[in-house]
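First comes the structure, then the notes that go with it.
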Amino acid sequence: MARKLNTYQTSLGFFDLAVAAPSMKAALEAWGADSNLFHQGAAKQSEDPDVIAATMAAPGVVLKRPVGSSGPFKEHAELPTNLAGDNISKEAGGRSVRRKPQTQPEPVTDQAAERKAAVAFEKEQERRKRERAKEEAVQRKERERRQKAIDKAQSALDAARRAHEKNASDIQAQLEALEERSQAEEARWETERTRLEAALRRARG
């Protein structure tokens, strides 16, 4: 059964964020927050009727507006035109002085609208799950492609190393055979030289 939605707000980076979700946990997941912003005092349940209306029109979709501004929340918002911290602080401070206490919005009594919004939120969640699944499939294919390339390169390197080791072994065997021939030739020559020098001495004698 679809759960009733509430509107939650926070500020991340250059934007204020708002989303209609069934729970604080669901809102944190929609924002991609890696910590509990509600426990840190950086997020809250919104009581602004305009913000509630905007998020309920797009349940589960994270809406944005430039941080510190009072404009409407949109799915695609532009960056703040004035990023100077002092000016933003002054403007925010000025608004906080002028702002009238907000009244608690009257509870929505249209149960059909609540169910419709909750169903829309679940559809948005399913859409996000499908997108994440597609992204994970692409990443998995990329990892498999990269691993195949690594395996192929490693196989080529191993084959080249084996060929080199065989060639080096053959050359070493040839060098050892040549060394044996050289030593045999030296021994033969030493014997022959000794014999011929003795014959020469006898002829001179």
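So the values come out like this:
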{"quantity": "Amide H contacts of Arg65 (H built 1.01 Å from N, under 5 Å, at least 5 apart or other chain)", "calculated": "Asp16, Lys74"}
{"quantity": "Cβ-derived FRET efficiency at R0 22 Å, Lys123 paired with His76, nearest 0.05", "calculated": "0.65"}
{"quantity": "Under Karplus coefficients 6.51, -1.76 and 1.60, residue-wise ³J(HN,Hα) of region 121-138 in Hz, glycine/proline x", "calculated": "4, 4, 5, 5, 4, 5, 4, 5, 4, 5, 5, 5, 5, 5, 4, 5, 5, 5"}
{"quantity": "In sequence order, calculated HN-Hα J values of region 43-48 (Karplus, 6.51, -1.76, 1.60; Hz; x Gly/Pro)", "calculated": "9, 7, 7, 6, 10, 7"}
{"quantity": "Out-of-range pairs (alpha-carbon distance over 27 Å; input Lys123/Lys148; Lys25/Lys123; Lys141/Lys166; Lys4/Lys44)", "calculated": "Lys123/Lys148; Lys141/Lys166"}
{"quantity": "Ala149-Leu196 pseudo-label distance in nm [points 7 Å out on the Cα-to-Cβ vector]", "calculated": "6.8"}
{"quantity": "Note, ³J(HN,Hα) from phi for region 70-79, Karplus 6.51, -1.76, 1.60, rounded to Hz, x at Gly and Pro", "calculated": "10, x, x, 7, 9, 5, 10, 10, 7, 5"}
{"quantity": "Asn36 versus Asn167: modelled label distance in nm, points set 7 Å from Cα along the beta carbon direction", "calculated": "6.6"}
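Bear in mind these aren't lab numbers, they're just calculated from the coordinates by the rules spelled out. Quick caveat, the model's predicted, so the values are computed rather than measured. Glycine gets a Cβ as well: all are built from the backbone with ideal geometry, and neighbour counts include every protein chain shown.
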